[in-house]
Amino acid sequence: IDRCPARVLFAMPARCAETNGKAARGSCAASAETNVIVFRVWGADEPGIADAFLKVVVSHMCQVLDLAQFVLEGSLMFSFVLCVGDQSSMGLMKELMRSAKERRLQLDFYFPDRSPAGSGEPSSESVAVVSVVSPREITPAMLCDLDSKLSEHGCVVKEIEQRRDNKKQINGEYNKVEIRVSCPPRFKLANLAVGAPTSRGESSTGLQKVAWEHGAETTVRWWDAMNRPNGKSLVVFGISNELCTCNVLDELLTEAGLDPGSVPADGSIEKQNELKVAMLKGKSTGIVQKVIDRLEFTPGARLVCSALKRLGFRLAIFTNLGIKKIAEHVKRELGMDYVISKDLEVFDGVFTGAYIGECTDVRFRKADLLMLMAEREGIDYRNVILIGEEVTHLDAAKAREMVETFGPNVYFNSNKMKDLTIALYLLGFNGSDVRALRKRRRDEVSDDCSIGATPEGKRIRVRISAKKRGPGQLVRMLSPLSALSPEMGISTVSQCSLQDGGICVGFDFWAKKQDPDQLLKELLFACHKLDFQVLGSDLASPAGAGPALAMSSDMEAAVGRSHYVITLVQKPQITAASLSAVFGLFRDRAVNLIRIERLSLHQLAALKFTVELPDGVEKSGFSNDLMEASKQHGIDIAFQKDNLDRWMRRLVVFDMDSTLIQQEVIDELAKIACVEDEVKKLTEAAMRGELNFFESLKSRVALLEGQNAERLFDEVKKNLIFTPGAKKLCSTLRRLGYKMAVISGGFLPVAREVQRELGLDYAFANTLEVDETTGLLTGHTSGPVVTPQRKRALLATIADVEGCELQQTIAVGDGANDIPMLHAAGLGIAFCAKPKVQAATEFRINQKDLSTVLYLIGVSEHVAERLAVDM
């Protein structure tokens with residue numbers, strides 16, 4: 001199985017963590033008595049390699065500064081950067097070399113010129129991601145030209161990812177590569193996307209045009225550790241040759257018996273449209289309905305719109321063609337939220353040949369209207385996504401302004417591309433995601449989406465390492481092969497960066513006609529001349545042979561069926577013992593580690609592993625093993641299927657007492673009313689599930705009879721203590737477009753205060769009955785009681801109001817009365833919960849920080865901090 005690079009930075013403390021109550025010895029403090037060493041291991045991949053080396057590292061009490069795993073078609077390259085005490089260096093090296101020899105692996109090491117950047121605070125560099133999608137093969141020439149353009153701007157390639165399901169031979173549609181690049185300070189992304197201004201007043205070539213030269217499409221966006229735009233986004237489409245397969249104004253002329261080709265093509269698009277509208281003068285408006293009756297949508301249009309709507313995106317049509325009736329028809333059919341369109345002037349049932357209203361003398365500016373729509377929806381300008389040809393019709397300066405102001409621009413023209421689903425690939429979706437979306441819309445599953453053809457020819461696999469990364473390295477590596485397109489292609493390419501500044505890159509080429517031995521010699525010679533270290537190279541059987549590229553008629557069987565995401569959280573940081581325990585489980589169960597991502601920013605507190613379970617390993621058994629490790633090492637571990645549902649959640653519902661706030665409200669009321677001890681006993685018994693919730697509530701409320709309601713609640717609200725991380729969690733979720741609610745077995749005045757403070761959308765809780773004449777509590781509740789069953793019902797009701805399924809919801813709670821709600825939600829999380837609740841739920845958080853929930857839904861700390869800065 002070919003896999004993307006796995007990379008993680010370990011920022012361990014100078015003093016190793018205590019293990020089993022005993023202080024660890026031999027800490028590796030950063031001082032003159034320590035060394036930083038980079039180790040690299042390569043050879044045939046098999047489970048347990050990372051575990052074996054980590055055990056050696058832990059036994060020598062070393063500090064791990066960086067770790068990378070790189071697997072290419074069954075060949076492994078594993079690198080790690082260690083801080084090692086002088087007295088431990090030789091012993092460590094001997095043990096690592098022995099471990100490598102036992103596994104028939106090769107190992108080398110070197111001392112870097114400088115300390116890894118990760119030894120201090122994380123870098124605040126600007127990082128962009130370039131998505132390249134093509135119906136053709138990825139070639140050395142394409143990568144060379146893209147890297148050449150990146151290097152012109154001083155951009156350095158950091159990571160390259162090509163998932164298995166992003167190969168045309170697997171998904172039947174497109175090849176896709178994602179390239180993560182480091183950009184210079186104050187860099188303007190628009191210069192990279194559409195070209196920078198030159199001293200002669202012209203514009204240089206942007207990445208988009210470079211991609212077109214190779215039959216590919218590309219998008220460029222700032223990287224924020226999320227693969228897809230967040231749900232709080234506005235996606236804007238055009239109609240002609242975008243959502244529809246034709247130019248609707250031309251169709252109107254044709255229906256009227258006129259020739260749209262008679263309009264000169266040498267003017268601007270706006271001028272051409274005005275001439276076409278003038279041709280309609282005196283023609284009956286009945287021709288509009290005839291065009292609507294035979295209007296065809298672009299293949300994939302319904303799929304793309306329904307998928308984005310399900311993710312919570314707002315959708316808009318923006319067209320200057322001036323046929324509003326057609327635009328409104330498209331809006332209804334595709335479920336769009338907005339339509340902004342000019343309209344044609346009509347008098348006595350015929351067209352006048354002009355536009356209606358102010359548009360005759362005031363030309364509205366698209367950027368202004370996009371800003372207005374974004375402001376109305378509370379959407380950041382960077383989350384406004386343009387799909388179509390709009391930017392290509394602008395002059396260079398205006399195109400740069402649009403790209404710099406708004407989010408990624410996705411070029412699409414139905415005359416050049418057969419299916420609008422390419423937009424999903426360009427926006428960050430993968431082949432398995434698109435396949436799943438197609439299955440949900442069975443009316444659009446196409447026979448064209450079958451498994452693609454396997455490339456013919458000999459395979460050449462090369463793994464290369466460089467101690468330093470810099471601009472244009474791909475160009476220098478691939479220059480001997482760049483002139484051979486299309487006879488030379490790339491089946492797989494991956495790259496990862498090390499914290500010490502080095503890189504690891506791997507290629508799996510195929511050659512149709514050239515002598516593969518000669519090509520390999522040229523490539524190896526070029527790498528040697530440029531001081532790149534070739535860690536491994538080999539020639540393989542024809543590209544279509546062998547199990548590595550065996551294809552299935554069902555992509556789900558070929559990739560993704562047994563892929564899972566494991567999230568590890570431990571604060572203040574993950575210990576070496578915890579990591580060793582998890583890697584040991586991977587070894588024992590022969591679990592393949594596909595990718596590692598760091599979710600925390602300032603300390604190693606959260607990691608995400610993408611893994612593949614082998615045949616014969618049951619999810620439930622492996623999950624139980626992880627849970628035991630969680631209990632033994634005090635680490636939170638979440639084990640989830642890696643599928644589309646993880647990215648489609650839109651509603652988060654919280655319990656209040658001991659979840660959003662640290663208090664139990666009834667206890668706080670009882671304290672003020674001087675009945676604290678009696679109420680506390682009843683509360684604890686109810687939360688443990690030992691008492692019927694309704695009866696316990698009734699008994700506790702009765703003890704408050706005769707108390708002044710306003711005084712009690714004012715005092716409680718004044719002294720609320722929010723759970724650490726609650727405000728960060730809610731502000732981040734709100735910026736990401738999630739809807740949020742608090743559903744509490746507590747009391748409404750406090751729930752509404754929590755709603756106001758955290759910016760929640762809904763609040764439901766119990767109401768205490770108040771005597772209208774005295775303002776005193778009667779000792780009874782008023783209205784329906786929020787029982788465990790009502791919590792579940794309210795979750796379903798809010799989901800229905802928000803237009804999402806229960807599978808798209810998240811519930812967080814701590815008490816026995818939350819269990820039905822936690823079971824009903826797509827992701828139910830027991831937060832610092834009672835034992836009965838932890839035993840009944842699949843996902844648990846025991847770190848005393850509510851923002852940990854972000855890690856379980858795939859949101860990194862980097863994203864949270866970026867969103868906080870943008871507020």
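The values are calculated or read from the model by the stated rules, or taken from the named source; none is laboratory data. Predicted model only: the values in this text are computed from it and were never measured. So basically every Cβ, Gly included, is an ideal-geometry build from the backbone, and we count neighbours across all protein chains shown. SASA here: full protein model, heavy atoms, side chains in, ligands and nucleic acids out. Shrake-Rupley method; radii C 1.70, N 1.55, O 1.52, S 1.80 Å.
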Global form of segment 368-421, assessed from the alpha-carbon gyration tensor, a/c cut-off 1.5: oblate
Using θ = phi - 60° and Karplus 6.51 cos²θ - 1.76 cosθ + 1.60, couplings along segment 148-159 (whole Hz; Gly, Pro as x): 4, 5, 4, 5, 4, 9, x, 8, 10, 5, 9, 9
Evaluated over the chain, the Cα radius of gyration and Dmax, each in Å: 30.2, 97
Neighbour cut-off at most 10 other Cβ (10 Å), DSSP loop, GluC sites (Glu not before Pro), segment 695-726: none
Segment 305-417: Rg to Rh, with Rh as the Kirkwood radius over Cα pairs: 0.98
Cα centroid separation - segment 122-163 against segment 192-210, whole Å: 17 Å
For Gly746, net neighbour charge (Lys/Arg +1, Asp/Glu -1) across residues whose Cβ lies under 14 Å away: -3
Length-normalised contact order of the chain in % [C-alpha pairs under 8 Å, at least 6 apart]: 13 percent
Once the Cα gyration tensor of segment 655-716 is diagonalised, semi-axes √(5λ) in Å: 19, 15, 9
Highest-first arrangement of 207-217, 391-401, 56-66, where packing means the average Cβ count within 10 Å: 56-66, 207-217, 391-401
Virtual spin-label span in nm between Glu628 and Glu333, 7 Å along Cα→Cβ: 5.9 nm
Efficiency of FRET from Cβ geometry, Ala278 and Asp368, R₀ 30 Å, rounded to 0.05: 0.70
Mean ellipticity per residue at 222 nm, deg cm²/dmol - from DSSP H runs of n ≥ 4 across the chain, formula -39500 (n - 2.57): -9500 deg cm²/dmol
Highest to lowest packing among 764-776, 668-680, scored as the average C-beta count within 10 Å: 668-680, 764-776
Average silhouette area of segment 736-859, convex hull of alpha-carbon atoms, in square nanometres: 8.7 nm²
Percent accessible area from carbon and sulfur atoms, segment 765-871, protein chains only, probe 1.4 Å: 52 percent
Accessible area (Å², per residue) of the chain, counting only protein heavy atoms and a probe of 1.4 Å: 40 Å²
Mean Cβ neighbour count within 10 Å, used as a protection proxy, ranking 253-260, 568-575, 489-496 highest first: 489-496, 568-575, 253-260
Calculated log₁₀ intensity ratio I(q)/I(0) where the Debye formula runs over C-alpha points of segment 710-756, q = 0.15, 0.21, 0.29 Å⁻¹: -0.46, -0.81, -1.16
Leu76 long-range amide H proximity, modeled H, under 5 Å: Gly43, Ala44, Asp45
For segment 628-670: rounded, prolate or oblate by the Cα gyration tensor [a/c cutoff 1.5]: oblate
Overall Cα dimensions of segment 128-194 - principal axes, largest extent first, Å: 39, 19, 19
Percent accessible area from carbon and sulfur atoms, segment 297-360, protein chains only, probe 1.4 Å: 51 percent
Global size of segment 801-863 as Cα Rg and Dmax, reported in angstrom: 12.1, 34
Derived scalar couplings ³J(HN,Hα) [segment 458-472; Karplus, 6.51 cos²θ - 1.76 cosθ + 1.60; whole Hz; x for Gly, Pro]: 7, 9, 10, 10, 9, 10, 10, 10, 9, 6, 9, 9, x, x, x
Descending Cα extents along the principal axes, segment 165-306, whole Å: 58, 45, 32
Charge tally in the Cβ shell below 11 Å around Glu757, where Lys, Arg are +1 and Asp, Glu are -1, Glu757 excluded: +3
Using θ = phi - 60° and Karplus 6.51 cos²θ - 1.76 cosθ + 1.60, couplings along segment 806-815 (whole Hz; Gly, Pro as x): 4, 5, 8, 10, 10, 10, 10, x, 10, x
Cα gyration tensor category, rounded, prolate or oblate, for segment 157-223 with a/c compared to 1.5: oblate
